[in-house]
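K.L.:
Encoded as structure tokens, here's the structure I'll be asking about.
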Amino acid sequence: MNAAVKSTKPEIIDLTNCPVACATLYHKGLERAVEAGKLSLDLAVQQNAEILAAIKKALKGTSLPGLFVLDLAGQAAEGCAAVQKQLLALALEQSAAVLSALENFDLNSGTAKEDITSAFQASLDRSLAAQSAVTEYAAKQTKAASEAIKQQPGIAGTPAETIADSVQRSFDTVLGVQKEMLNIAVKPLKAVRA
């Protein structure tokens, strides 16, 4: 009988491939989750439209005021789904960028610092794009609601029209301040890259 002799030499495992393989699997899973999320959002918008159409049909012969709210609700659902799809796409871009950076990263390279800085800057840019998508959606919805209220019969020249205008101006001011705060916050980060 031959006894198997165990080697005393330690097993060498190439750890550089393991993180890339794991990140690749994670990214593939994220791609599938994003596609499922987009499909779910499309179905939710479709279901919402069908429900709103049924409500409008049921209330068609009534003198119930304010049915414009149903149109606003439909627009809001569509806009919300569109923003969520944008955010999912940005998350997928971020995942792909991290995977690419991981695949191309070489600690021994003289450009490691620049590579990390570049990857961070790209991540920051995607974060700003996500923030911008959400604020633009909020601005669009606020404007649509304000305009819809002002177009209702009997609203012109009343305090309700003044309030709608005031709310719109206030919201625009808040968004302007938010954008300026973001610009101030990222200015030092962008300066580091330069």
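K.L.:
Residue by residue through segment 154-188, note down the ones that are exposed (fewer than 12 other Cβ atoms within 10 Å of the Cβ), closer than 27 Å to Ala77 by Cβ and charged (D, E, K, R).
P.N.:
Once the filter is applied, which keeps residues that are exposed (fewer than 12 other Cβ atoms within 10 Å of the Cβ), closer than 27 Å to Ala77 by Cβ and charged (D, E, K, R), segment 154-188 yields only Arg169.
K.L.:
Out of Ser118, Ser40, which single residue is in a helix (DSSP H, G or I), within 26 Å of Leu182 (Cβ to Cβ) and either among the small types (Gly, Ala, Ser) or open to solvent by less than 50 Å² (accessible area, probe 1.4 Å) (or both)?
P.N.:
Numbers: Ser40 fails: within 26 Å of Leu182 (Cβ to Cβ).
The unique qualifying residue is Ser118.
So that you can scan it fast, the table gives a plain yes or no per residue for (1) aliphatic (A, V, I, L, M); (2) assigned to a loop (DSSP other than H, G, I, E, B); (3) under 28 Å from Ser118 (Cα atoms):
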position	(1), (2), (3)
Ser146	no, no, no
Ile149	yes, no, no
Gly157	no, yes, no
Glu161	no, no, no
Phe171	no, no, no
Lys179	no, no, yes
Asn183	no, no, yes
Val186	yes, no, yes
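K.L.:
Could you count how many residues in segment 89-108 are of a type in the set (A, V, I, L, M, F, W, C) and open to solvent by 50 Å² or more (accessible area, probe 1.4 Å)?
P.N.:
4
K.L.:
If Gln151 satisfies all but one of (1) within 16 Å of Gln75 (Cβ to Cβ); (2) of a type outside the set (Ser, Thr, Tyr); (3) open to solvent by less than 40 Å² (accessible area, probe 1.4 Å), what's the number of the condition it fails?
P.N.:
Against the list (1) within 16 Å of Gln75 (Cβ to Cβ); (2) of a type outside the set (Ser, Thr, Tyr); (3) open to solvent by less than 40 Å² (accessible area, probe 1.4 Å), Gln151 comes up short only on (3).
K.L.:
(1) at pLDDT 90 or above; (2) closer than 16 Å to Ala144 by Cα; (3) not hydroxyl-bearing (Ser, Thr, Tyr): which one isn't true of Phe68, the others all being true?
P.N.:
(1)
K.L.:
Got a number for residues in segment 47-84 being in contact (Cβ under 8 Å) with a residue 12 or more places away in the chain, open to solvent by less than 60 Å² (accessible area, probe 1.4 Å) and part of a helix (DSSP H, G or I)?
P.N.:
15
K.L.:
In segment 175-192, is there at least one residue being under 22 Å from Ala82 (Cα atoms), of a type in the set (D, E, K, R) and out of contact with any Phe, Trp or Tyr (no Cβ under 9 Å at 6 or more places or on another chain)?
P.N.:
Yes, there is a match, as at least one residue in segment 175-192 is under 22 Å from Ala82 (Cα atoms), of a type in the set (D, E, K, R) and out of contact with any Phe, Trp or Tyr (no Cβ under 9 Å at 6 or more places or on another chain).
K.L.:
In addition: Return the residues of segment 124-148 that are within 14 Å of Gly79 (Cβ to Cβ), open to solvent by less than 60 Å² (accessible area, probe 1.4 Å) and more than 11 Å from the chain's Cα centre (by Cα); say none if nothing qualifies.
P.N.:
Within segment 124-148, Ala138, Ala139, Gln141, Thr142, Ala144, Ala145, Ala148 meet the criteria.
The values are calculated or read from the model by the stated rules, or taken from the named source; none is laboratory data. Remember, predicted model here, so these are calculated numbers, not experimental data. Counting neighbours? That spans all protein chains shown, and the Cβs are built from the backbone with ideal geometry, glycine included. These accessible areas exclude ligands, DNA and RNA; they are computed on the full protein's heavy atoms, side chains included. Shrake-Rupley method; radii C 1.70, N 1.55, O 1.52, S 1.80 Å.
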